[in-house]
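Enquirer: I have a structure here, written as structure tokens, and I will follow up with some questions on it.
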Amino acid sequence: MEFDQRVRNIVMLGLGFMGVFTAFQTTGLIQKTVLDSVEKDTGMHVDGYTLLAIVYIVFALSNWLTPSIVATIGPRLAMFLGGLTYVMYIIVFLHPTEVLLYVSAFVIGIGAAMIWTGQGNYLTINSDSTTIGRNSGIFWALLQCLELSFFSGIYSASLGFTLKFGEQAKELVAISGILIGVGEVLGGILFGLLGSKTASKGRSPIILIGFLVHVTAFVLININLPNDAPFKNTNASGVIEPIAWLALLCSFLLGLGDSCYNTQVMAMLGDMYKDNSAPAFAMFKFIQSTACGVCLLYSSRIGLYAQLAILDAFLIMGSICFALVEFWEKQSKRQIE
């Protein structure tokens, strides 16, 4: 009975996040192009990338406080209060003003830290060492249903700015988001089903799959899109003339590769820090959101190819670090046994 209740809790958690982040990430997906249009109509200048950068920088800093908040009020209330800030942020886009946009970006940064730290703690409470991989997969698959990953803001906007795609350029923004979500869901389901095997035999092979999928996507993007695609409408080409189906294939690959990393990192954190999960997930989100904030800040200043090179470098370092941590953890368990 306890097992069934825990599974229901994980499913409800995933469905709740699906609802919140379908709305939020759809907003993030289109906000660069929307705010550019608003500037042309009203003269109000708010850069979409800078706005998201504020969200993630505040998110990062707030992670130092949220473990104490979650310990005081509990993960469920923390997630509820954090979810309310997402509602506020989305509502502002109905009638955007410069002041409200920046204030809501600051507030949602705090709320994001609360909702994600609460999520990590709640996921761990409802899992054990044999089910954490499966439960992470279930959660991630449900979360990523018409939901998008952190990088969709830049990549999907780049598709919309590439005029060589013709009249379908703006349509590709939405289709790209859907296919990123498809890749995320497929990965979450697949790695959720393999959860018990990866827990016993190691998670590094799945990280290797994610690495190869990401590298493939980055190479194809580099070939297919022009260097100035993240900034504004452009008639330039990449190494080849931009091909719509190739761009959408990259969207799927980005989602699939992202799910490889996220499901395994969440499972590892829940397994290694079961008795003290809130600080562990808060630290993970601090590092992740700091990187996202920095990425969004430089995304409007350096070309697409340089951005891809930076992503490649950190992809290599991150994959190596994951493998080392898993190796050291196994060695530690063997010594205890």
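Enquirer: Karplus couplings for region 319-327 from phi (6.51 cos²θ - 1.76 cosθ + 1.60, θ = phi - 60°), rounded to Hz, Gly and Pro as x?
Expert: Each residue's phi maps through the Karplus curve to give 5, 4, 4, 4, 4, 5, 4, 5, 5 Hz.
Enquirer: Let me ask something else about it. For region 36-182, what log10 I(q)/I(0) values come out of the Debye formula at q = 0.08, 0.16, 0.17, 0.21 1/Å, with one point per alpha carbon and no solvent?
Expert: These q points yield log10 I(q)/I(0) values of -0.29, -1.03, -1.12, -1.36.
Enquirer: Kindly report, to the nearest 10 Å², the accessible surface of H45 as traced by a 1.4 Å probe over protein heavy atoms only.
Expert: Counting only protein heavy atoms, H45 exposes about 110 Å² to solvent.
Enquirer: Give me the extension gain from T290 to I240: residue separation times 0.36 nm, minus the current Cα-Cα distance, reported in nm with one decimal.
Expert: Between T290 and I240, full extension yields 14.6 nm more.
Enquirer: Further question: Taking K and R as +1 and D and E as -1, what net charge do the other residues with C-beta under 11 Å from the C-beta of L51 add up to?
Expert: -1
Enquirer: Straight-line reach from K333: which lysines fall under 24 Å, measuring Cα to Cα and dropping same-chain residues less than 8 apart?
Expert: Output for K333: K197, K201, K274.
Enquirer: All other residues with a Cβ under 14 Å from the Cβ of V213 taken together, and with Lys, Arg as +1 and Asp, Glu as -1, what is their net charge?
Expert: Spelling it out: positives minus negatives among the neighbours equals -3.
Enquirer: Calculate one ³J(HN,Hα) per residue across region 45-56 by plugging θ = phi - 60° into the Karplus curve 6.51 cos²θ - 1.76 cosθ + 1.60, and present them in order as whole Hz with x for glycine and proline.
Expert: 10, 9, 6, x, 5, 5, 4, 5, 4, 4, 3, 6
Enquirer: Under a straight-distance cross-link criterion of Cα-Cα below 16 Å, which aspartates and glutamates are reachable from K40, leaving out those fewer than 8 residues away in the same chain?
Expert: Reachable aspartates and glutamates: E98.
Enquirer: For the chain, with a Gaussian network of springs between Cα atoms less than 10 Å apart, report the residue from G82, G43, G137 with the top mean-square fluctuation.
Expert: G43
Enquirer: A follow-up question, please. I need the shape label for region 271-337. Rule: rounded when a/c is under 1.5, else prolate if a/b > b/c, else oblate, with a, b, c from the alpha carbon gyration tensor.
Expert: Because a/c hits 1.5 or more and a/b fails to exceed b/c, region 271-337 counts as oblate.
Enquirer: Could you work out the relative contact order of the chain, using alpha carbon pairs under 8 angstrom and six or more residues apart, expressed as a whole percent?
Expert: 24 percent
Enquirer: Note down the net charge around S136, summing +1 for each Lys or Arg and -1 for each Asp or Glu among other residues with Cβ under 11 Å from its Cβ.
Expert: Local net charge: +1.
Enquirer: Right, another one. Where the only charges are on Cβ atoms (+1 Lys, Arg; -1 Asp, Glu), what is the dipole of region 5-336 about its Cα centre, to the nearest 20 debye?
Expert: 980 debye
Enquirer: Can you tell which of L249, L297, L94 shows the greatest fluctuation in a Gaussian network model of the chain with Cα springs below 10 Å?
Expert: L94
Enquirer: If I build a Gaussian network model for the chain, linking alpha-carbon pairs within less than 10 angstrom, which residue out of I302, I108, I30 has the largest mean-square fluctuation?
Expert: Residue with maximal mean-square fluctuation among I302, I108, I30: I302.
Enquirer: Hey, could you get me the Stokes-Einstein D for the chain, Kirkwood radius over alpha-carbon pairs, 20 °C and 1.002 mPa s, rounded to whole µm² s⁻¹?
Expert: Answer, rounded: 106 µm²/s.
Enquirer: Please give the length that would be gained between Q5 and E98 if that part of the chain were fully extended, namely 0.36 nm times their separation in residues minus their C-alpha to C-alpha distance (nm, one decimal).
Expert: 28.9 nm
The values are calculated or read from the model by the stated rules, or taken from the named source; none is laboratory data. Everything numeric here is computed off the predicted structure, so don't read it as measured data. Here the Cβ is made from the backbone with ideal geometry for all residues, glycine too, and neighbour counts use every protein chain on show. Accessible surface areas use protein heavy atoms only, side chains included; no ligands, DNA or RNA. Shrake-Rupley method; radii C 1.70, N 1.55, O 1.52, S 1.80 Å.
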